[in-house]
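Enquirer: The structure's right below; bear with me while I get my questions together.
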Amino acid sequence: MHNRLPLTQKSTPYWWEAAPVRPVPVQPLAKTLDVAIVGAGYTGLAAGLTLARAGRSVAAFDAMNPGEGASSRNGGITSGSIRPGYSVLTRRFGEKTALAIEAEGKVAREFLYDFIRTENMACDFQLTGLFKGALGFDQYEPMARSAELLAKRLGIEAYAVPHAEQHGYIGTDFYRGGTVRMDIGGLHPAKFHAELLRVALAAGVTVHAQTPVTGIKRDGEAFLLRTSAGVVRARQVLVCTNGYTDSALPFLRRRMVPVRSRMIATETLSPEVMARLMPKKMMMGENRQLGFYYRPSPDGTRILLGGRDNTRDDNATAPILRLRDGLIELFPELENVRLSHTWYGNVAMHRDMIPRIFERDGLVYATGFCGSGVVWAPWLGTRAANRLLGNTSEARTAFDFRPPAFVPFYNGTPWFMPAVIQGYALQDRLAMWRSRR
Ligand SMILES: Cc1cc2nc3c(=O)[nH]c(=O)nc-3n(C[C@H](O)[C@H](O)[C@H](O)COP(=O)(O)OP(=O)(O)OC[C@H]3O[C@@H](n4cnc5c(N)ncnc54)[C@H](O)[C@@H]3O)c2cc1C
């Protein structure tokens, strides 16, 4: 029996130690704006930056402190992945769109890396590569073929790691080999948000912290936004609320399912242990429905691991234990490790699990990044801003879709998520059983 209590010392994100989220100085509310943005996470700020640099008067409103949503809570892995695989995308949209979506992931990652570099963002970004573990040899073969295809089709450095070479990448016997892709790395998510905020403010974006938008209605060619600080008239509105969408945006709320994702951070580990468990300091993932994502902290002193949390209240014991047990299954030598932090945030899912920009009744939305928004949010925020600016070529994206489908019997409270997650867990157990027979 491993040491279970006390489970953690803090229930705030590890990332907030170095980059706490805070309110920005209060600014007067403009009576009129070119563009009002709802939400000041990565998406809203990236959009605001583009609009302000194009000379628009723009304000971003956030119900919490800027970044206090998913944008300072995430794993910082620059995955830019799409949940449905290439074959599913091809079946749904045809090969041309499927390929365009995959290719856009590559462009969006490069955009992010270039953005961090040109804006001199101190956010601990390192292009480490990502190792993805295979649960069994039956998974390894198709994963190896996918890595080969990725290299051939998109020119991404991607390759298979056979079981015998696994310890060069990760100190576990849990997997049966895996794949590596070198176009994915890690950053410090809260520092990245703080840097984005710095650049956006410097460009002239007004950010209103702790100022929820409580309603939006048409007013001739423009919109009236009711906020907790007063009413503002905006020519255009961009909605960037993702997993924190509330009743002020009823159309999106019925089409967006917030899914809780939880992370744990270990206490500091010795350099020898870190070198044994994560010798190449890569980002890590696995090939299962409810797979864990994990990584070394940017300073390489501890491990951060995340996964789904199917609870809906604040009693975190069961989900923390699930993550901790997962960590120990991977790395049995951590049996007695103590955890320093645990926290959760909401990721935003549409029914088809595809991010998108769409327009409805004149409002533009950039939504549904399904836990991969470190890449998609800055990219689609910028694309959405270009759409508002009428810059057709810079607005072009393979994710310019129709509005997401309505979720039946759903009004914004995801009562069905515990059952859905249990279904996925069952699929994972079956896959594991088949793989390990
Ligand atoms: C635990 C966790 C781990 C994750 N790990 C990764 C990862 O490793 N890699 C990756 O790529 N992605 C990851 N993600 C996903 C990523 O964090 C998100 O996709 C991304 O941050 C979304 O940014 P955003 O700006 O669209 O939304 P958010 O950052 O969530 O911002 C939305 C904002 O809208 C505001 N808002 C909502 N309603 C209103 C209103 N009515 N008025 C005013 N403001 C409003 C909220 O207050 C919130 O601040 C993770 C997410 C979580 C929670």
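The values are calculated or read from the model by the stated rules, or taken from the named source; none is laboratory data. Source: prediction; values computed, not measured. Backbone-built Cβ (ideal geometry, glycine too); neighbour counts: all protein chains shown. Side chains are part of the model used for accessible areas, which takes the heavy atoms of the whole protein and leaves out ligands, DNA and RNA. Shrake-Rupley method; radii C 1.70, N 1.55, O 1.52, S 1.80 Å.
Enquirer: Considering only residues of the stretch 95-149 that are part of a loop (DSSP other than H, G, I, E, B) and acidic (Asp, Glu), which is farthest from residue 293 (Cα to Cα)? Let's see the steps before the verdict.
Expert: Applying the first criterion (part of a loop (DSSP other than H, G, I, E, B)) to the stretch 95-149 yields 119-125, 127-129, 134-136.
After this cut, where a residue has to be acidic (Asp, Glu) as well, the list is 119, 124.
On the way: 119: 28, 124: 18 Å.
Ranking the candidates gives 119 first.
Enquirer: Moving on. Go through (1) open to solvent by 30 Å² or more (accessible area, probe 1.4 Å); (2) farther than 27 Å from residue 236 by Cβ one by one and return the number of the condition residue 391 breaks.
Expert: (2)
Residues are listed down the side, and each one gets a yes or a no for (1) surrounded by fewer than 23 Cβ atoms within 10 Å (Cβ to Cβ); (2) within 10 Å of the ligand (Cβ to nearest atom); (3) closer than 22 Å to residue 343 by Cα:
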site: 247; (1), (2), (3): yes, yes, no
site: 254; (1), (2), (3): yes, no, no
site: 260; (1), (2), (3): yes, yes, yes
site: 267; (1), (2), (3): yes, no, yes
site: 270; (1), (2), (3): yes, no, no
site: 281; (1), (2), (3): yes, no, no
site: 294; (1), (2), (3): no, yes, yes
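Enquirer: Could you run through the stretch 198-231 and say how many residues are within 12 Å of the ligand (Cβ to nearest atom), more than 17 Å from residue 65 (Cα to Cα) and open to solvent by less than 20 Å² (accessible area, probe 1.4 Å)?
Expert: Qualifying residue count, the stretch 198-231: 2.
Enquirer: Still on this structure: Looking at the stretch 302-328, which of the residues that are open to solvent by 40 Å² or more (accessible area, probe 1.4 Å), in a loop (DSSP other than H, G, I, E, B) and not acidic (Asp, Glu) is nearest to residue 342 (Cα to Cα)?
Expert: Checked the stretch 302-328; the qualifying residue nearest to residue 342 (Cα to Cα) is 315.
Enquirer: Counting only residues that are charged (D, E, K, R) and not in a helix (DSSP H, G or I), which one in the stretch 341-390 is nearest to the ligand (Cβ to nearest atom)?
Expert: Only one residue fits best here, namely 356.
Enquirer: Restricting attention to the stretch 97-105, does a residue exist that is modelled with pLDDT of 90 or more, open to solvent by 30 Å² or more (accessible area, probe 1.4 Å), over 16 Å from residue 181 (Cα atoms) and in contact with a Lys or Arg (Cβ under 9 Å, 6 or more places away or on another chain)?
Expert: Scanning the stretch 97-105, I find no residue that is modelled with pLDDT of 90 or more, open to solvent by 30 Å² or more (accessible area, probe 1.4 Å), over 16 Å from residue 181 (Cα atoms) and in contact with a Lys or Arg (Cβ under 9 Å, 6 or more places away or on another chain), so the answer is no.
Enquirer: Further, regarding this structure: Look at the stretch 24-70 and say how many of its residues are surrounded by 24 or more Cβ atoms within 10 Å (Cβ to Cβ) and part of a loop (DSSP other than H, G, I, E, B).
Expert: Of the residues in that region, 8 qualify.
Enquirer: While we're looking at this one, here's another question. If only one of 73, 83 is at pLDDT below 95, under 25 Å from the mean Cα position of the chain (by Cα), within 15 Å of the ligand (Cβ to nearest atom) and open to solvent by 20 Å² or more (accessible area, probe 1.4 Å), which one is it? Walk me through it before giving the result.
Expert: Working: 73 fails: at pLDDT below 95.
Result of the check over 73, 83: 83.
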